[in-house]
Structures are given as structure tokens and as C-alpha cells.
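K.L.:
Pasting a structure below so you can have a look.
The values are calculated or read from the model by the stated rules, or taken from the named source; none is laboratory data. Just so we're clear, the structure is a prediction, and the values are computed from it rather than from any experiment. Ideal geometry is used to build each Cβ from the backbone, glycine not excepted, and the neighbour counts take in all protein chains shown. Accessible surface areas use protein heavy atoms only, side chains included; no ligands, DNA or RNA. Shrake-Rupley method; radii C 1.70, N 1.55, O 1.52, S 1.80 Å.
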Amino acid sequence: MHSVSQDLEPIERASADELKALQLERLKWSVRHSYENVGHYRRAFDDAGVTPDDLRSLEDLAKFPFLTKQDFRNNYPYGLFAVPRQRVARIHASSGTTGKPTVVGYTSGDIDTWAGLVARSIRSAGGRAGDIVQVAYGYGLFTGGLGAHYGAELLGANVIPASGGMTARQVQLITDFRPEVIMVTPSYMLTILDEFERQGVDPRASSLRVGIFGAEPWTEQMRREIEERLDLDAVDIYGLSEVMGPGVAQECVETKDGLHVWEDHFYPEIIDPITGQVLPDGEPGELVFTSLTREAMPVIRYRTRELTTLRPGTARPAFRRMDKVTGRTDDMIILRGVNVFPTQIEEIVLVTEGVSPHFQLLLTRKDRMDQLTVLVEAESAAPSGRRESAAAVIAARVKDGVGINVTVEVVDPDTLERSMGKMRRVIDQRPK
């Protein structure tokens with residue numbers, strides 16, 4: 001629908017050799033900055049027998065130890081900061097499973113860098129100065145809302161800081177304020193679409209022409225559904241709080257073939273999640289990031305736990321692309337020896353007639369055997385007699401495509417948990 005993005009930054013036109021030279025210069029600075037100013041890195045590097053002087057090439061990064069989520073917990077709240085706390089302009093945090101959030105800090109320079117990368121991302125997605133951008137990511141400690149907001153403002157857009165929730169109001173804002181761009185999680189966009197139809201408003205007649213969706217894995221089937229129901233370009237944005245927030249990588253609207261990693265600020269690696277060995281481009285594995293320019297809280301070889309593949313650049317040739325994240329090593333379900341990801345079930349639900357895209361996976365245990373139940377909502381207009389057949393179709397497709405037997409329950413519309421942020425796909429009720 002869109003032509004190639006205009007007004008590219010010079011780095012977006014750089015050659016691969018120019019980008020690598022910049023990366024090595026910045027990587028040397030980031031590793032030394034971390035070692036000299038963060039006790040955790042000094043101890044970890046010393047234990048691994050490496051120093052910043054051992055980094056002479058990009059490949060040498062593989063000699064350095066990983067940073068993990070547990071390291072964030074062990075250094076809560078400020079132990080990973082590389083500048084005095086008085087220089088930290090903002091603190092964000094993501095929710096943690098242990099009760100302690102993952103804390104991240106930013107200098108004013110970090111915030112400027114972040115805003116610049118989100119502005120680059122929005123432009124790559126098809127947004128332009130003067131557009132109205134509705135930000136329906138949550139504001140607050142979550143990085144999504146403010147990250148999108150600052151980037152859209154820097155681009156020169158008019159920002160509607162809608163935040164998440166109040167779905168009827170989201171529809172009213174779109175109808176009355178006529179934004180061209182919406183930034184939101186894909187699962188919540190589906191909820192907004194349902195509200196359009198509940199109000200009798202045709203979503204395809206809305207002003208929206210670009211949807212920038214992130215914060216959770218989503219499939220090509222979901223992209224097609226959103227684009228067909230809304231008549232817009234649905235593009236992916238990637239980020240995570242530990243590394244920066246939204247804007248680490250962005251899908252370009254002219255190709256929609258994966259997310260170009262902004263490698264002038266973040267160096268990606270793919271590793272074998274079991275051995276930790278670095279894998280060549282084109283091999284699937286766990287995504288690892290090293291920040292190249294972060295001042296307040298640099299990350300060196302942070303294990304994201306997210307599964308993807310790195311490929312050569314297309315719309316931005318010097319920047320490698322990452323495939324859509326297929327899942328996380330920590331949300332993978334191992335059911336009777338078979339690895340199962342929620343995105344595999346999503347692909348099946350989205351092509352099954354009579355059900356909506358809203359589903360959850362319920363894990364239970366019976367007679368020492370793990371059981372998986374797929375709970376999926378019926379379409380509001382679907383006749384009640386279709387539920388049994390839809391359940392049978394989903395169960396058969398999961399058996400054929402994934403290789404496991406599941407129970408499928410088609411429930412009433414609007415009965416499953418809704419989320420204004422990330423969808424909670426897996427509910428584990430197995431005894432600990």
C-alpha cells in the first residue's frame with residue numbers, strides 16, 4: 001500500500017562495512033563503560049577471564065559472559081546502573097515473576113536516543129510528520145506508552161495519549177479524532193475491532209492507515225485478519241525493557257518481511273539456547289542483545305529468551321532482519337515430549353470458522369499426565385450448533401500440525417480474560 005520510506009537517515013543508507021566499523025567502535029566503548037562502572041560486569045568478566053582489551057573484533061564478543069534475567073533480580077534495584085543515580089533521568093520497570101520488577105534506567109541522552117529510534121521506526125512503518133498517532137500502549141512503568149509517545153512527537157506527529165483500556169473510548173477517539181496511525185498490542189487491537197463491530201461501526205471506514213503492533217508475538221494469520229478487518233498496513237515493532245523499550249527493531253512497510261534491527265545501537269546474536277554457542281545467520285535460536293550506546297544501564301549479551309532467526313537486510317540492506325518472534329524459551333510448553341508454542345495454536349484458531357481470535361491455553365495434570373485445554377471464544381454471530389464442530393476441527397488440526405492431543409472448549413463470547421497490554425495466553429494450573 002505504501003511506497004518506499006523517504007528521508008532516510010544517513011546510517012540507514014550506510015554500507016555493511018561502514019555499519020560494522022561503527023558497531024566495533026561503539027561496542028568497545030560499551031564494554032569498557034560496563035566494566036569500569038558496574039560491579040556485576042567487572043566480577044563477571046573477571047570470572048570469565050576477559051577484559052575490555054580482549055574485544056578487538058565483533059566476533060570477540062562471544063568470549064564475554066551472558067547477562068540474564070536473574071542478574072537483574074540479583075542487582076535490584078540500581079545495581080546495574082553505570083552512572084550515578086543522580087544522572088538517571090527516568091526509571092522504568094517491567095513486571096517480574098518473583099515479585100520484584102526488572103528495573104531499567106535512562107539518562108536524558110538515553111531518552112533522546114530512544115525517541116530517535118522510535119521516530120525512525122514509525123517512519124519506517126509508514127508514519128509521517130503531521131500524522132495523528134493514537135498510542136494505546138499502557139503508560140507508566142511499562143515502556144510501551146511513553147516510548148511510543150516520545151518517538152511520535154519527535155517525528156512531528158500529533159499524539160493522542162490514549163493509553164490502554166476503556167475500549168469504547170478507543171473507538172470514539174478513532175472515530176472523532178481520525179488518527180492515521182495506531183500503536184497498540186495486536187491482541188488488544190482485536191478487542192478494539194470487536195468493539196467497532198459491537199457499536200455497528202465499520203472499522204474499514206476508519207481513518208487508520210498504519211497499525212504498529214508489538215509487545216507480544218503475533219502471526220502472519222493475525223496480520224491478515226487485522227489488515228482485512230481494518231484496511232490498513234499492519235507492521236511489527238520489537239523492543240524489550242531490559243534493552244531499551246519499543247524501537248529496537250522495526251518492520252518496514254514497503255517489504256513487511258521481518259524486523260530490521262537498528263544495529264547502530266544494538267548488536268544482535270543468535271545462540272543455541274541449550275549450549276549458548278553463537279549460531280550463524282539463518283539458523284533459528286535465542287536472541288541475545290548488546291547495547292552499543294546506552295549510558296545509564298548498558299546490557300552486554302542479554303539473553304532475551306525469545307526465539308527468532310537473523311537474516312540479511314532488504315529495505316535497509318546494511319541492517320539485518322529478525323523474523324517475527326515465534327515464542328519464548330520460558331513460555332514454551334513441553335507436553336508429553338512435544339514442544340508447543342502459543343503461536344502454533346493461534347495459527348490454527350485464526351483459520352477456523354465459527355470462532356474468534358481470542359483464546360487461552362489451560363495446563364492441568366490428571367493421573368500424573370499433563371493435559372492441555374484450548375479455550376476459545378465463539379464468534380458472536382456463529383450459531384450455537386457450530387461450536388462442537390469448530391472444537392473438533394481445532395483439535396484435529398492441532399493433532400495433525402503440532403502432534404499432540406488437546407481438549408478444545410468453545411466458550412461464550414467475551415468470557416475470556418482481556419488485556420489492554422500483553423495477552424496472558426498460558427494459564428498453568430498444574431501442582432507445583
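K.L.:
Just from its helices, what would the mean residue ellipticity at 222 nm be for the chain, if runs of 4 or more DSSP H residues each count -39500 (n - 2.57) and the sum is divided by every residue, rounded to the nearest 500 deg cm²/dmol?
P.N.:
-9500 deg cm²/dmol
K.L.:
For the range 11-66, what is the accessible area per residue in Å² when the probe is 1.4 Å?
P.N.:
So the range 11-66 comes to 54 Å² accessible per residue, rounded to a whole number.
K.L.:
Considering only DSSP beta bridges with both partners in the range 127-274, what is the antiparallel share in %, to the nearest 5?
P.N.:
Taking every DSSP beta bridge within the range 127-274, about 35 percent pair in antiparallel fashion.
K.L.:
Hey, in the GNM for the chain with a 10 angstrom Cα cutoff, which one of A392, A93, A82 fluctuates hardest?
P.N.:
Sorting by GNM fluctuation, first place goes to A392.
K.L.:
Taking a label point 7 Å from the Cα of E283 along the Cα→Cβ vector, which residues of the range 322-355 have an amide N closer than 17 Å to it?
P.N.:
Correct set: 323.
K.L.:
Assuming 0.692 mPa s and 37 °C, estimate D for the range 14-116 with Stokes-Einstein, Rh taken as the Kirkwood radius over Cα pairs, in µm²/s. Before the final figure, lay out each step's value.
P.N.:
Numbers: Rh = 15.3 Å.
Calculated translational D: 214 µm²/s.
K.L.:
Using 0.36 nm times the number of residues separating S389 and R169, minus their current alpha carbon distance, what extension gain do you get?
P.N.:
75.6 nm
K.L.:
To continue, here is another question. Taking only C-alpha pairs under 8 Å that are 6+ residues apart, what is the relative contact order of the chain in percent?
P.N.:
14 percent
K.L.:
In whole Å, what are the extents of the range 1-66 along the principal axes defined by its C-alpha atoms, from largest to smallest?
P.N.:
Computed over the Cα atoms, the extents are 52, 21, 19 Å.
K.L.:
Mind checking the range 1-86 for trypsin sites (Lys or Arg not before Pro) that DSSP puts in a loop (not H, G, I, E or B) and that have at most 14 other Cβ atoms within 10 Å?
P.N.:
Counting only loop positions with at most 14 other Cβ atoms within 10 Å, the trypsin sites (Lys or Arg not before Pro) in the range 1-86 are R56.
K.L.:
So for the range 257-369, considering every pair of alpha-carbon atoms, how many percent are separated by more than 17 Å?
P.N.:
Details: 4080 of 6328 pairs.
Of the Cα pairs, 64 percent sit more than 17 Å apart.
K.L.:
Taking +1 at the Cβ of each Lys and Arg and -1 at the Cβ of each Asp and Glu, which of M222, L146, G258 sits farthest along the dipole of the range 136-258 towards its positive end, judged by Cα position relative to the Cα centre?
P.N.:
It is L146, whose Cα lies furthest towards the positive end.
K.L.:
Using only Cα atoms, what is the ratio of the radius of gyration of the chain to 2.2 N^0.38 Å?
P.N.:
1.00
K.L.:
A further question on this structure: In the Gaussian network model of the chain, springs joining C-alpha atoms below 10 Å, which of G200, G138, G239 carries the largest mean-square fluctuation?
P.N.:
G200
K.L.:
Set the bar at 23 Å for Cα to Cα. Now go through K63/K256; K366/K399; K20/K63; K366/K432; K100/K366 and name every pair that lies beyond it.
P.N.:
Details: K63/K256 34 Å; K366/K399 20 Å; K20/K63 18 Å; K366/K432 13 Å; K100/K366 32 Å.
Flagged as over cut-off: K63/K256; K100/K366.
K.L.:
Sticking with this one: What whole-number value in Å² describes the accessible area per residue of the range 287-389 for a 1.4 Å probe?
P.N.:
For the range 287-389, the per-residue accessible area is 39 Å².
K.L.:
Using alpha carbons only, how many angstrom separate the centre of the range 357-420 from the centre of the range 217-272?
P.N.:
28 Å
K.L.:
So, with a 1.4 angstrom probe, what is the percent of accessible area on the chain that is carbon and sulfur?
P.N.:
Looking at the chain in its full context, I get 49 percent from C and S.
K.L.:
Let me ask something else about it. With r as the distance between the Cβ atoms of S108 and E36 and R0 = 22 Å, compute the FRET efficiency 1/(1 + (r/R0)^6) and round to 0.05.
P.N.:
Details: r = 21 Å, r/R0 = 0.96.
Step by step, r from the Cβ atoms, then E = 0.55.
K.L.:
Out of the DSSP beta bridges found with both residues in the chain, what percent are antiparallel (nearest 5)?
P.N.:
Bridges in the chain that DSSP calls antiparallel: roughly 65 percent.
K.L.:
Work out the charge dipole of the chain with +1 on the Cβ of Lys and Arg and -1 on the Cβ of Asp and Glu about the Cα centre, then indicate which of L335, A296, A395 is farthest towards its positive end.
P.N.:
Towards the positive end, the residue furthest out is A296.
K.L.:
What GluC sites (Glu not before Pro) in the range 318-386 are in a loop by DSSP, with at most 11 other Cβ atoms within 10 Å of the Cβ?
P.N.:
Counting only loop positions with at most 11 other Cβ atoms within 10 Å, the GluC sites (Glu not before Pro) in the range 318-386 are E353.
K.L.:
Another question, if that's okay. Could you work out the mean projected area of the convex hull around the alpha carbons of the range 95-147, in square nanometres to one decimal?
P.N.:
Over every viewing direction, the Cα hull of the range 95-147 projects on average to 4.7 nm².
K.L.:
According to the Cα gyration tensor, what semi-axes, each the square root of 5 times an eigenvalue, does the equivalent ellipsoid of the range 198-285 have, listed from largest to smallest in whole Å?
P.N.:
Gyration-tensor ellipsoid for the range 198-285: 32, 14, 12 Å.
K.L.:
Moving on. Using 0.36 nm per residue of separation minus the Cα-Cα distance, give me the extension gain between Q429 and Q221 in nm, one decimal.
P.N.:
Gain on stretching Q429 to Q221: 72.0 nm.
K.L.:
State to the nearest 20 debye the size of the charge dipole of the range 81-174 about its Cα centre, where the only charges are +1 on K and R beta carbons and -1 on D and E beta carbons.
P.N.:
Using only the charged Cβ atoms, the result is roughly 160 debye.
K.L.:
Kirkwood hydrodynamic radius for the range 374-415: how many Å is it when counted over pairs of different Cα atoms?
P.N.:
10.6 Å
K.L.:
Counting only heavy atoms of protein chains, what accessible area per residue, in Å², does the range 116-253 have with a probe of 1.4 Å?
P.N.:
Accessible surface, normalised per residue, equals 29 Å².
K.L.:
Rounded to two decimal places and with Rh computed the Kirkwood way over Cα pairs, what is Rg over Rh for the range 100-232?
P.N.:
The Rg/Rh ratio comes out at 0.97.
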